[in-house]
Amino acid sequence: MNQKELKELIEFLIEKDIAEFELERGDVKVRIKRGGEAHVSASEPDARFFAAHSAPPAAPVSVPAAKPAASTPPTKEAEPAVEEGLHAVRSPIVGTFYEAPSPGSPPFVKPGDVVEVGQLLCIVEAMKLMNEIESDVAGEVVKRLVANGQPIEYGQELFLIRPRA
Amino acid sequence: MQLCWLKTDDGRLPSYNSRIKRTTKKRPARTGAPASLPGIAQKTDVRLGRIVRLLMDNATVVASGTKIAEEIGTSRSEVWRLVQQLRSLGVEIVGHPATGYRLQSAPDLLLPEILAPFVKGTIFGKNIHHYYKIGSTSAAAMEAAAAGAPEGTVFLAEQQTAGRGRGAHSWHSPQSTGIYCSVVLRPALPPSEALVLSLAAGLAVHAAVQEIDSRVQPDLKWPNDPLLDGKKFCGLLTEMNAEATRVRYIVLGIGLNVNQTSFPAELQPLATSLRLATGTEWSRMELCASLLKSLDREYRSLVESAGAHDSILRRFQERSSWIRGRQVRIEENGGGFDGVTEGLDPRGFLQVRTAQGLRTVLSGTVTAR
């Protein structure tokens, strides 16, 4: 059963308001139970649908930092979050880092700010696709590791956050 | 200044996440709008669409006020009120409560009741939200997506008061002349593989226009600006919310200039509409249906087929005059450089040959030099 069929099946169950459904066909077993939300379990899940992708790291980009201003802190992309207990927020895409919603507006966050899970930290843009980067932990923003307007690699660390104890 | 974008008059910078402006005249929420969609401004009363549908289905006869009232489950006086409202929106309906009503001409409003049958079978056929006036369809779609709106949810507006573009740009969105549309997508892809959707969206607009009139040959400026006569007639902005390995949702916003006959002076050198470029009026309904269908094709193929990524890059290069051998200036955040375009890299980024070597453009604005 591929992803599309599974999706159609779920949509059908929702449409007909069927709460529970079980199907066994060969070595594929699908059991769907709906509460407020559809829960799906399958003995042989389609990796494309369920598993996190192990995306290949993007090829290096030959763009130099757009504006190496004097105030710009040096990038520490090669350096991991050395300080004990700090959590690094990484970029899921290659792109350009923006600290603010638009040029001239105040940044989403600055060092010292306390953020919650899901709070918007920055935007990374690639090909006019604006990727909102949210914090995946609650805590204090200790450091911003990249400069506004700087090109970002896939997986590059953007912020260091001290998780709330 | 970027093609066709316009800063807001009051100097306020529209943000990527600006919330929808509430208008003072908010219609009572009798449209059954889900409570999970906050900040909605002037959502269309679904009964307006039903009346139009009813009159269209009975185009040759006069429909009595009583019959319409029965069909949509309201009173005759309420039908009169709704008909008056439709007239104020430019729908030509003759008659009054005593004589009954007849539709003089089919309205070119993007009402869900009329659009839905055209996009049946696509992911966009089930959840279409229509507004007479809204701040931004993308802002509404982002909010709805964050609140769990399903894939394929469509937000359409006749008019936007805060249409958004990239960075500090807004989108000029006068009433019922353009298509202002945002859709919610939830691709089962890692974020890095979803980027190419930006290029695919441009291809979808290209295909939709050609499906209606194959003589029209739009150009595509990287990453996704559809052009006619060197001017922009459509703006696309994609916003994504993702985890490291998984896209939560994407909102694709489309602003398409269809029947505008003029633009504000500052936009005239940069902007055009399909009507200005072709000399004829276009049906927004037909084009919108065609657009959602071509978007559905591109999107499904990207999510479901392994070869879609390469196909998108190949077709983009075929339809764009900007990808190879073009003298360009690249404006990036605060700076810029000149060079000659030298194709797309495997991820879809534009390569530009400069005096200092080959550079990869991740997010800049491209202009002819």
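Yes/no per residue for (1) over 30 Å from A:GLN156 (Cβ atoms); (2) touching a Leu at 6+ places or on another chain (Cβ under 9 Å); (3) in the same structural domain as B:GLN159 (by TED's automatic domain parsing); (4) of a type in the set (D, E, K, R):
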position	(1), (2), (3), (4)
B:TYR180	yes, yes, yes, no
B:ARG186	no, no, yes, yes
B:PRO190	no, no, yes, no
B:LEU199	no, yes, yes, no
B:VAL205	yes, yes, yes, no
B:SER214	yes, no, yes, no
B:GLY235	no, yes, yes, no
B:THR261	yes, yes, yes, no
B:LEU267	yes, yes, yes, no
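When residues in the range A:140-157 are screened for being more than 25 Å from B:GLY167 (Cβ to Cβ) and either crowded, with 20+ Cβ neighbours inside 10 Å or acidic (Asp, Glu) (or both), 1 of them pass.
If you go through the range B:124-176 and keep only what is charged (D, E, K, R) and surrounded by fewer than 24 Cβ atoms within 10 Å (Cβ to Cβ), you end up with B:LYS126, B:LYS133, B:GLU143, B:GLU151, B:ARG166.
Which one is nearest to B:LEU274 (Cα to Cα), of the residues in the range B:208-249 that are crowded, with 20+ Cβ neighbours inside 10 Å, of a type in the set (D, E, K, R) and within 13 Å of chain A (Cβ to nearest Cβ)?
Our first condition is that a residue be crowded, with 20+ Cβ neighbours inside 10 Å; within the range B:208-249, this holds for B:208-209, B:218, B:220-228, B:231-242, B:247, B:249.
After this cut, where a residue has to be of a type in the set (D, E, K, R) as well, the list is B:221, B:225, B:231-232, B:239.
The next check asks that each one be within 13 Å of chain A (Cβ to nearest Cβ); those that pass are B:221, B:225, B:232, B:239.
Details: B:LYS221: 17, B:ASP225: 14, B:LYS232: 10, B:GLU239: 26 Å.
The qualifying residue nearest to B:LEU274 (Cα to Cα) is B:LYS232.
Put simply, of A:PRO107, A:PRO111, A:PRO103 the only residue that is surrounded by fewer than 16 Cβ atoms within 10 Å (Cβ to Cβ), in a loop (DSSP other than H, G, I, E, B) and facing another protein chain (nearest Cβ under 9 Å) is A:PRO103.
Test B:LEU256 against the criterion of being touching a Gly at 6+ places or on another chain (Cβ under 6 Å), of a type in the set (A, V, I, L, M), in contact (Cβ under 8 Å) with a residue 60 or more places away in the chain and more than 13 Å from every other protein chain (Cβ to nearest Cβ), and give yes or no. Don't jump to the end; show me each part of the working.
On the way: touching a Gly at 6+ places or on another chain (Cβ under 6 Å): yes; of a type in the set (A, V, I, L, M): yes; in contact (Cβ under 8 Å) with a residue 60 or more places away in the chain: yes; more than 13 Å from every other protein chain (Cβ to nearest Cβ): yes.
Considered against the rule, which asks whether it is touching a Gly at 6+ places or on another chain (Cβ under 6 Å), of a type in the set (A, V, I, L, M), in contact (Cβ under 8 Å) with a residue 60 or more places away in the chain and more than 13 Å from every other protein chain (Cβ to nearest Cβ), B:LEU256 comes out as yes.
Against the numbered list (1) over 12 Å from B:CYS181 (Cα atoms); (2) touching a residue at least 12 places away in the same chain (Cβ under 8 Å); (3) among the hydrophobic types (A, V, I, L, M, F, W, C), B:ALA157 comes up short only at (1). Residues that are facing chain B (nearest Cβ under 8 Å) and either assigned to a loop (DSSP other than H, G, I, E, B) or surrounded by fewer than 19 Cβ atoms within 10 Å (Cβ to Cβ) (or both) within the range A:118-133 comprise A:LEU120, A:MET127, A:LYS128, listed in sequence order.
For B:LEU203, the criteria (1) surrounded by fewer than 24 Cβ atoms within 10 Å (Cβ to Cβ); (2) closer than 30 Å to A:LYS7 by Cβ; (3) facing chain A (nearest Cβ under 10 Å) hold in every case but one, which is (3). B:ARG353 falls short on exactly one of the conditions (1) closer than 22 Å to B:GLY230 by Cβ; (2) over 20 Å from the mean Cα position of the chain (by Cα), and that condition is (1). Residue-level check: of (1) in contact with a Pro (Cβ under 9 Å, 6 or more places away or on another chain); (2) in the same structural domain as B:LYS221 (by TED's automatic domain parsing), B:ASN333 misses just (2).
Where strands (runs of 3 or more DSSP E) fall wholly inside the range B:40-158, the ranges with 3 or more residues that are over 17 Å from the mean Cα position of the chain (by Cα) are B:93-96, B:100-103. Just one of the listed residues (B:ARG315, B:ARG329, B:ARG347) is in contact (Cβ under 8 Å) with a residue 40 or more places away in the chain and in a loop (DSSP other than H, G, I, E, B), and it is B:ARG347.
The values are calculated or read from the model by the stated rules, or taken from the named source; none is laboratory data. This is a predicted model, so every value here is computed, not measured. Every residue, glycine among them, receives a Cβ derived from its backbone with ideal geometry; neighbour counts consider all protein chains shown.
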